[in-house]
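This report concerns only the one structure given below.
The values are calculated or read from the model by the stated rules, or taken from the named source; none is laboratory data. No experiment lies behind these values; they were computed from the predicted model shown. Here Cβ is always computed from backbone atoms with ideal geometry, including for glycine, and neighbour counts include all displayed protein chains. All accessible areas refer to the heavy atoms of the entire protein, side chains included, with ligands and DNA or RNA removed. Shrake-Rupley method; radii C 1.70, N 1.55, O 1.52, S 1.80 Å.
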Amino acid sequence: QVQLVESGGGLVQPGGSLRLSCAVVGISFRAIAMGWYRQAPGKQRESVATITIGRITNYADSVKGRFTISRDNAKNTVYLQMNSLKSEDAAVYYCNTSPQPRDYWGKGTLVTVSS
């Protein structure tokens, strides 16, 4: 059974940082690319960052240079380090497989950016 458990969100001031984690169960984690996605109120879910099994990373233009995706295959966990956060980064963040996410989505973790 697939489980995707995101954590690490919270309230942060503009310019602040957060580190998100996603624990993955029920997927051959080492053999699949992973991604972080986000959905802001009233907007469609979008891809934020991806990481291949060879640790090649790719980012949406809006977060390039500020966000860093990484993975720990020993822990079946994918991370998203978010720096220099902006108000437009506020959203619920999810992890899933990449480039094609599974039908199953976790609950996500809420990131709020406000002074």
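Considering 48, 63, which residue is surrounded by 14 or more Cβ atoms within 10 Å (Cβ to Cβ) and more than 10 Å from the chain's Cα centre (by Cα)?
None of the others qualify; the one that does is 63.
Quick one: in region 69-115, of everything that is open to solvent by 70 Å² or more (accessible area, probe 1.4 Å), without any contact (Cβ under 8 Å) to a residue 40 or more places away in the chain and not acidic (Asp, Glu), which residue is farthest from residue 7 (Cα to Cα)?
Here the answer is 100.
Can you name the residue in region 25-51 that is polar (S, T, N, Q) and free of Cβ contacts under 8 Å to residues at least 24 places away in the same chain and is also farthest from residue 108 (Cα to Cα) among such residues?
Among residues in region 25-51 that are polar (S, T, N, Q) and free of Cβ contacts under 8 Å to residues at least 24 places away in the same chain, the one farthest from residue 108 (Cα to Cα) is 28.
One residue is enough: does region 96-106 have a residue meeting the conditions touching a strand residue (DSSP E or B) at 6+ places or on another chain (Cβ under 7 Å) and in a strand (DSSP E or B)?
Yes, region 96-106 contains a residue that is touching a strand residue (DSSP E or B) at 6+ places or on another chain (Cβ under 7 Å) and in a strand (DSSP E or B).
Applying the selection to region 51-60, what residues are open to solvent by 70 Å² or more (accessible area, probe 1.4 Å) and either assigned to a loop (DSSP other than H, G, I, E, B) or aromatic (Phe, Trp, Tyr) (or both)?
53, 55, 56
Out of everything in region 21-37 that is farther than 14 Å from residue 75 by Cβ and part of a strand (DSSP E or B), what residue ends up being most open to solvent (accessible area, probe 1.4 Å)?
37
Here's the yes/no breakdown for (1) of a type in the set (A, V, I, L, M); (2) within 12 Å of residue 96 (Cβ to Cβ):
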site: 20; (1), (2): yes, no
site: 25; (1), (2): yes, no
site: 33; (1), (2): yes, yes
site: 50; (1), (2): no, yes
site: 53; (1), (2): yes, no
site: 57; (1), (2): no, no
site: 61; (1), (2): no, no
site: 70; (1), (2): no, no
site: 74; (1), (2): yes, no
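Residues checked against (1) under 14 Å from the mean Cα position of the chain (by Cα); (2) acidic (Asp, Glu); (3) at pLDDT below 95:
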{"residue": "56", "(1), (2), (3)": "no, no, no"}
{"residue": "59", "(1), (2), (3)": "yes, no, no"}
{"residue": "69", "(1), (2), (3)": "yes, no, no"}
{"residue": "81", "(1), (2), (3)": "yes, no, no"}
{"residue": "87", "(1), (2), (3)": "no, no, no"}
{"residue": "94", "(1), (2), (3)": "yes, no, no"}
{"residue": "101", "(1), (2), (3)": "yes, no, yes"}
{"residue": "107", "(1), (2), (3)": "yes, no, no"}
{"residue": "112", "(1), (2), (3)": "no, no, no"}
